[in-house]
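I have placed the structure first, in the form of structure tokens, so that the comments after it can refer back to it.
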Amino acid sequence: MSKTQVIVGLGSCGIAAGAGKTYNKIKALKEAENLDFELKKTSCVGMCYREPLVEIVDSTGTYLYGEIDEDRVFEIIDKHIVQGSPVKEYVVQSDLFKTPENEFLDEQVKIVLRNCGHMDPESIEEYQARQGYAAIRKIAGEQISGADVIQKVLDSGIRGRGGGGFPTGMKWRFAAGNPSDEKFIICNADEGDPGAFMDRSVLEGDPHSVLEGMIIGAYAIGATEGVIYCRAEYPLAIKRLNIALDQAREHGYLGKNILGIKGFNFDIHIKEGAGAFVCGEETALIASVEGERGMPRKRPPFPAASGLWRKPTNINNVETYANIPWIILNGPEAYAKYGTEKSKGTKVFALAGKIRRSGLVEVPMGITIRDVIFKLGGGIKDNKKFKAVQMGGPSGGCIPEYLADTIVDYDSVNATGAIMGSGGMVVMDETTCMIDVAKFFLDFTQKESCGKCTFCRIGTKRMLEILNRITEGEGRDGDIELLEELAYQIKDTSLCGLGQTAPNPVLTTIRYFRDEYEAHIYHKKCPAKVCKKLLTYEVDPEKCTGCTVCAKNCPTHAIDGDRKQIHFIRQDACIRCGECYSRCKFDAIKIF
């Protein structure tokens, strides 16, 4: 390498953390001091918890700096670039010495995320330099048939990464086997799970890999047009996708007779979704693309036979397509060596919640949930106890700590009552109320229900009403059984995956945390001390100094006591707002 490079991570997470300001500061210093280095942009490397990230690559090696805000820019530029002395205290990863975050990166196997954070996502040249579009060129150069491409995908064992886990090659074979003058291939980028950001990061960091995967899929099934259905709330992803599409057309990867393959005419356009969670379901997505309200359709017929505009259609999500070029280039055997017997390859997870290292990780199937949380995620924040992890978003369930050694594959996760889903992991600690969690996710799915199915539309509302009563201290004997009865009726009578899985968070929390439900209903207590109407605030007479701070800040004047005298709280006037607890500097307010 002839010139030192300074590379700033400008994914959405980095920009939110101030990386845009960091980039502009570095640019201003470079111009003002006439410094000799190349300033570049990249996306998220997955280490969201250490953003803004700045990587310096010089003749000695690579240095990834974490938490480089505007105030630290001058220091690293002056010491590292001008003086040639890396600032090791800020380095979070390097190929020259061990750093605190080595474990986070070393434990991963990156196939989907192979390019994210390592190239400019707006440069097709950089993508090609990293074997980009080599897979479709190999297919064209070796004249590999569409049937052989499908067989390679089947042999790899990859299953759809969007939630259902259906074998990708089988899905492609079904679409290929339905003759039509027109076929479609769709990328589902309508990522809507709270706490999930895998697809967004891939689209922002490596959009060409998704396009290449779609191009290969289109060749395999004989598709003539592609659609990327991306939620409008992802403006940076959409911007970079549009840039990538223009570049792909200019280089002959989209258009007519692609790479000299006679009759292979294919192009892709973007359809921006309005953020309806139900449009993650493939038939609802198809309805939305057609300009109708996003509501699921009865199956059969399945999209492979009658999908978009009633033509054969294949739908996979972002992560699935991003795997395809790697599989074609490296062979299905190389992919199948990762994972378990029925769940091959790697999986990308978004770590969020009460975890030290929030961000993106890619791990081989078969790793345990415990290793993901504690080895890669660094464990629980503030040394609290690990309580549960929510997998699969609103459609998934809560897996308790004692099942943390469950391996990550489709069948093992399903056996717990949760689902793999698209890859969200929301980690919870001892301060989390599981009924409150169930209420949060059910509230989300109840609002996102399209309303087509009576049980989904009304049943989720009735379940939510019961959960609200329980958390407000008005739970009744029989509520748990009523929740279970409603849950199974909703699952059995709903048309699409939203309704069929909406009760999962409630069912898994009842299954694993029934004692919390009973404490709320029968003892009118919230063990996690979250549900306000079930809390009691009292003054500890041994710690109260009579400073009067709590009394002065109580909005209902429920605290009595003279200065330098022990105070007490009148329970009939207390609204359980917690203001006294947060204001007391002597730990004299206790919660029961």
For Arg173 the rounded accessible area (nearest 10 Å², probe 1.4 Å, non-protein molecules ignored) is 120
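Just how large is the dipole of the range 239-356 about the Cα centre, in debye to the nearest 20, putting +1 at every Lys and Arg Cβ and -1 at every Asp and Glu Cβ?
The dipole magnitude comes to about 260 debye.
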Amide H of Ser43: which non-local residues (sequence gap of 5 or more, or other chain) have their own amide H closer than 5 Å, using H built in the peptide plane? Leu10, Gly117, His118, Met119
Mean residue ellipticity (222 nm) of the chain, computed from DSSP H runs ≥ 4 via -39,500 (n - 2.57), nearest 500: -10500 deg cm²/dmol
The correct ranking of Glu122, Glu292 by accessible area at 1.4 Å, largest first, is Glu292, Glu122
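Cα gyration tensor of the range 331-407, axes a ≥ b ≥ c as square roots of the eigenvalues: rounded (a/c below 1.5), prolate (a/b > b/c) or oblate?
prolate
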Counting only DSSP loop positions in the range 347-405, the trypsin sites (Lys or Arg not before Pro) whose Cβ has at most 12 other Cβ atoms within 10 Å are Lys385
Of the residues Ala232, Ala220, Trp326, the Cα lying farthest along the dipole of the range 212-347 towards its positive end, which is defined by charges on the beta carbon of Lys, Arg, Asp and Glu, belongs to Ala220
Counting only other residues whose beta carbon sits under 11 Å from that of Val8, what net charge do I get with K and R as +1, D and E as -1? +2
If I take every Cα pair under 8 Å that is 6 or more residues apart in the range 418-534, average their sequence separation and divide by the length, what percent do I get for the relative contact order? 36
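Just tell me, in residue order, which DSSP H segments of the chain are both 18 angstrom or longer along the helix axis (alpha-carbon based) and at least -0.5 in mean Kyte-Doolittle hydropathy. List each step's numbers first, then the result.
Working: long enough: 19-33 (21 Å, -0.99); 207-221 (22 Å, 1.05); 235-250 (23 Å, -0.17); 318-330 (19 Å, 0.64); 434-448 (21 Å, 0.14); 479-493 (21 Å, -0.31); 504-522 (23 Å, -0.61).
Result, helices passing both filters: 207-221, 235-250, 318-330, 434-448, 479-493.
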Can you order the peptides 522-528, 79-85 by their average number of other Cβ atoms within 10 Å per residue, highest first? 522-528, 79-85
For Phe166, what charge total do you get from the other residues with a beta carbon under 12 Å from its beta carbon, if Lys and Arg give +1 and Asp and Glu give -1? +3
Two decimals is fine: what is log10 I(q)/I(0) at q = 0.14, 0.18 Å⁻¹ for the range 401-496, from a Debye sum with one equal scatterer on every Cα and no solvent? -0.65, -1.04
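Show me 308-316, 26-34, 199-207 ranked by packing, highest mean number of other Cβ atoms within 10 Å first. It would help to have the intermediate numbers written out before the result.
On the way: 308-316: 22.4, 26-34: 13.1, 199-207: 28.2.
Packing order, densest peptide first, comes out as 199-207, 308-316, 26-34.
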What is the antiparallel percent of DSSP beta bridges lying wholly in the chain, to the nearest 5? 60
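Explain nothing, just the number: dipole magnitude of the range 389-511 about its Cα centre with +1 on each Lys and Arg Cβ and -1 on each Asp and Glu Cβ, in debye rounded to the nearest 20. Numbers along the way, then the final one.
Details: 10 positive and 18 negative charges, 130 e Å.
About 620 debye.
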Residue-level accessible surface for Lys239, protein heavy atoms, 1.4 Å, Å²: 110
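Is there a quick way to get the dipole size of the chain? I mean about its Cα centre, with the Cβ of Lys and Arg at +1 and of Asp and Glu at -1; what is the value in debye to the nearest 20? Each step should come with its number before you reach the end.
Numbers: 75 positive and 80 negative charges, 179 e Å.
The calculated dipole for the chain is roughly 860 debye.
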Pick out, from Gly497, Leu483, Thr508, the residue whose Cα sits farthest towards the positive end of the charge dipole of the range 472-513, with +1 on the Cβ of Lys and Arg and -1 on the Cβ of Asp and Glu. Gly497
For Cα pairs less than 8 Å apart in space and 6+ apart in sequence, what is the mean separation divided by the residue count of the range 24-154, i.e. the relative contact order in percent? 22
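The values are calculated or read from the model by the stated rules, or taken from the named source; none is laboratory data. Worth saying up front: this structure is predicted, and the values here are computed from it rather than measured. Neighbour counts run over all protein chains shown; Cβ positions are idealised from the backbone, glycine included. These accessible areas exclude ligands, DNA and RNA; they are computed on the full protein's heavy atoms, side chains included. Shrake-Rupley method; radii C 1.70, N 1.55, O 1.52, S 1.80 Å.
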